[in-house]
Amino acid sequence: MAGTKEQAHETSSNGAATEEHGVAVHNPATGEVIATVPDLGADDIARLAAQGRAAQPGWEAMGFDGRARVMRRAQKWLLDNSERVIDTIMSETGKTWEDAGVLELSYGASAFGFWAKHAEKYLRDHKVRSGSLFVFGKKLKVRYRPLGLIGVIGPWNYPLVNSFGDCIPALAAGNAVILKPSELTPLTSILLAEGLAECGIPEHVFQVATGTGDAGRALVDEVDMIMFTGSTETGRKVAEQAAKRLIPASLELGGKDPMIVLADADLERAANSAVFWSMQNAGQTCISVERVYVEAPVYDEFVDKVVGKVKALRQGDPSGGPGSVDVGTLTSPPQQDIIERHVKDATDKGARVLVGGHAGNGASAWEPTVLVDVDHDMACMTEETFGPTLPIMKVADADEALRLANDSPYGLSGSVFTRDINKGEDVARRVEAGAVCVNDVVINYSALELPFGGWKASGLGSRHGANGIRKYCAQQSILISRFHGKRDPQMFPYKAKMSRNLVRLYRFLWGRGNRG
Ligand code: NAD
């Protein structure tokens with residue numbers, strides 16, 4: 001699908017250059033155009049949808065075992081081609097080798113294996129017992145049937161994890177899938193489509209629709225369900241469009257994840273975690289640490305540790321390979337303006353920059369930055385920054401930390417650091433977010449058995465766990481009546497005696513006992 005081209009004519013809102021017949025893909029570390037991919041319109045998407053629908057029944061008929069064989073081959077393919085996959089991810093994102101190789105690759109490889117193994121367990125028929133009088137002696141069960149054609153729309157920050165990753169359970173359930181990757185990072189998806197084809201997925205079961213937001217909009221109009229990952233602003237538009245068509249939409253959106261450091265925390269671990277999970281992937285992780293609240297007695301020591309560690313980070317062009325830099329470049333060029341605005345707004349209002357604070361090395365980059373003396377009047381504490389910045393705020397106690405942590409439109413995830421595990425869990429349960437770690441950050445995402453999904457403006461629905469695959473299916477309840485008479489007591493004709501007896505029976509069954 002991709003070809004190379006020199007010239008770009010227009011630039012879309014996220015920095016992608018659209019040409020007359022395609023979208024130019026840049027290497028953000030160098031600014032070079034590395035490929036041009038087709039900019040698909042509504043007619044192209046309709047054609048892909050027809051092809052996907054025609055291919056889906058054959059894929060469903062292969063059964064769990066047949067599909068699992070393709071998934072397991074794809075798992076091996078991913079590892080056999082790891083250098084190519086890592087190079088492709090790095091070239092279109094500007095990530096470090098480790099951010100592509102250690103984090104993205106491991107997710108892809110484990111997800112293929114996980115869904116190959118667990119799809120059947122989550123989707124097989126299951127019996128249901130009921131307390132209803134009317135179904136006494138009858139057989140009740142729930143079954144799941146693939147919805148048919150799933151649209152997956154992805155962001156640019158994790159082309160493998162967050163664009164392609166959601167396609168794996170959708171496929172394992174027996175659906176055909178059309179993936180619309182971000183216009184900034186389509187090459188990884190194209191490569192993975194090639195990989196799946198080599199592994200024997202039938203033609204048109206998995207298709208990649210390259211293009212801008214218009215291609216995304218056209219996709220929502222064609223599919224039976226939409227899985228969207230991206231900003232809250234676009235997520236709202238996708239939800240509205242899906243609501244008009246009455247198709248299900250699962251939305252994984254933005255975040256502003258808080259970290260709470262209590263006075264009894266292991267400060268060395270807390271500081272290492274804060275620095276790593278705010279700066280890895282150049283801070284462009286939806287569940288990165290975006291703000292830290294530290295109890296007053298350990299605030300100075302925590303800040304000193306963080307500052308020392310952030311000063312030691314090497315930021316720059318990651319093309320030197322493994323170990324060459326710690327923090328790569330920014331994938332989306334306009335991101336630099338957002339980070340700059342947040343840092344300037346903070347310093348204008350009295351915050352101090354202890355490390356960094358400026359554009360970094362590379363065509364689009366930001367120096368790892370630590371901000372202190374921050375508060376909730378500043379954008380860096382309330383809006384998603386999505387860059388290598390770490391604002392740290394002193395708080396009196398856990399209650400103040402919680403009040404501030406929850407003072408956010410977002411609720412994606414969060415973390416609490418303390419040596420008192422019971423207190424840690426108690427604080428975690430009071431954080432308004434879909435996932436909270438105690439003495440850890442982000443790593444919950446690697447446990448594919450554990451649901452992941454945002455609260456508030458961070459999303460609707462979840463990925464991983466049982467719902468991570470059931471959401472791609474229509475749920476059907478089956479009732480089978482094996483032992484029955486010709487006529488049930490509640491049926492016509494109504495007879496006063498029978499009706500009164502039924503109500504007496506309800507009183508006997510449910511109406512006795514204490515009313516206090
Ligand atoms: P974005 O919303 O700008 O774009 C996401 C995708 O939507 C792109 O493929 C884009 O082309 C497409 N799109 C744009 N307009 C559309 C429309 N009207 N209809 C359908 N599709 C449309 O997001 P982004 O800038 O690519 O990604 C960064 C955001 O993603 C951040 O907010 C980040 O927090 C979020 N994110 C969330 C998760 C999560 O799991 N919650 C994971 C990764 C990223």
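The values are calculated or read from the model by the stated rules, or taken from the named source; none is laboratory data. Keep in mind it's a predicted model, so treat the numbers as computed, not measured. Neighbour counts are summed over all protein chains in view; Cβ atoms, including those assigned to glycine, are modelled from backbone coordinates with ideal geometry. With ligands, DNA and RNA removed, areas are computed over all heavy atoms of the protein, side chains included. Shrake-Rupley method; radii C 1.70, N 1.55, O 1.52, S 1.80 Å.
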Cross-chain or 6+ apart pairs with Cβ under 7 Å, the stretch 318-329 first and surrounded by fewer than 24 Cβ atoms within 10 Å (Cβ to Cβ), then acidic (D, E): P322/E98
Any hit, the stretch 246-254, residues being at positive phi and more than 9 Å from the ligand (Cβ to nearest atom): yes
Evaluation of D337 against (1) within 16 Å of the ligand (Cβ to nearest atom); (2) within 22 Å of M90 (Cβ to Cβ); (3) in a helix (DSSP H, G or I) (one fails), failing number: (2)
Positions within the stretch 115-136 being without any contact (Cβ under 8 Å) to a residue 12 or more places away in the chain and of a type in the set (S, T, Y), in sequence order: S130, S132
Residues (acidic (D, E) and surrounded by 17 or more Cβ atoms within 10 Å (Cβ to Cβ)) located in the stretch 345-367: E367
Any hit, the stretch 106-126, residues being surrounded by fewer than 22 Cβ atoms within 10 Å (Cβ to Cβ) and over 20 Å from L450 (Cα atoms): yes
Test: R236 is more than 16 Å from the chain's Cα centre (by Cα) and at pLDDT 95 or above: no
Segments classed as strands (runs of 3 or more DSSP E), wholly inside the stretch 374-467, with at least 3 members that are in contact with a Leu (Cβ under 9 Å, 6 or more places away or on another chain) and acidic (D, E): none
Output for the stretch 382-410, where each listed residue is within 16 Å of the ligand (Cβ to nearest atom) and farther than 24 Å from E340 by Cα: none
Residue satisfying all of: in the stretch 80-105; hydrophobic (A, V, I, L, M, F, W, C) and more than 19 Å from the chain's Cα centre (by Cα); surrounded by the fewest Cβ atoms within 10 Å (Cβ to Cβ) among these: W97
Residue match in the stretch 195-207 (condition: of a type outside the set (D, E), within 7 Å of the ligand (Cβ to nearest atom) and open to solvent by 20 Å² or more (accessible area, probe 1.4 Å)): no
Matching residues, the stretch 474-504, being surrounded by 10 or more Cβ atoms within 10 Å (Cβ to Cβ), closer than 22 Å to R129 by Cα and modelled with pLDDT of 95 or more: A474, Q475, Q476, I478, L479, S481
Number of positions in the stretch 259-275 that are open to solvent by 10 Å² or more (accessible area, probe 1.4 Å) and part of a strand (DSSP E or B): 0
Tabulated pairs, the stretch 391-411, first free of Cβ contacts under 8 Å to residues at least 24 places away in the same chain, second open to solvent by 10 Å² or more (accessible area, probe 1.4 Å), C-beta under 6 angstrom, 6+ apart or interchain: none
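Surrounded by 16 or more Cβ atoms within 10 Å (Cβ to Cβ), out of contact with any Gly (no Cβ under 6 Å at 6 or more places or on another chain), free of Cβ contacts under 8 Å to residues at least 24 places away in the same chain and not in a loop (DSSP other than H, G, I, E, B): is that true of V370 in this structure? Spell out the reasoning first.
Details: surrounded by 16 or more Cβ atoms within 10 Å (Cβ to Cβ): yes; out of contact with any Gly (no Cβ under 6 Å at 6 or more places or on another chain): yes; free of Cβ contacts under 8 Å to residues at least 24 places away in the same chain: no; not in a loop (DSSP other than H, G, I, E, B): yes.
The answer is no for V370.
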Members of the stretch 276-302 that are in a helix (DSSP H, G or I), of a type outside the set (G, A, S) and open to solvent by 10 Å² or more (accessible area, probe 1.4 Å): F276, W277, P297, V298, Y299, D300, E301
Positions within the stretch 149-173 being under 16 Å from S462 (Cβ atoms), of a type in the set (A, V, I, L, M) and more than 12 Å from the ligand (Cβ to nearest atom), in sequence order: I150, I168, A170, A173
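If you check H342 against the conditions, is it open to solvent by 60 Å² or more (accessible area, probe 1.4 Å) and within 30 Å of E92 (Cα to Cα)?
Numbers: open to solvent by 60 Å² or more (accessible area, probe 1.4 Å): no; within 30 Å of E92 (Cα to Cα): yes.
In short, no.
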Residue count for the stretch 14-34, restricted to those that are open to solvent by 40 Å² or more (accessible area, probe 1.4 Å) and either farther than 18 Å from T329 by Cα or modelled with pLDDT under 65 (or both): 2
Exclusive hit being in a strand (DSSP E or B) and surrounded by fewer than 24 Cβ atoms within 10 Å (Cβ to Cβ), set R145, R129: R145
Hits in the stretch 65-99 (condition: touching a residue at least 60 places away in the same chain (Cβ under 8 Å) and among the hydrophobic types (A, V, I, L, M, F, W, C)): A68, V70, M71, A74, W77, L78, V85, I89, M90, W97
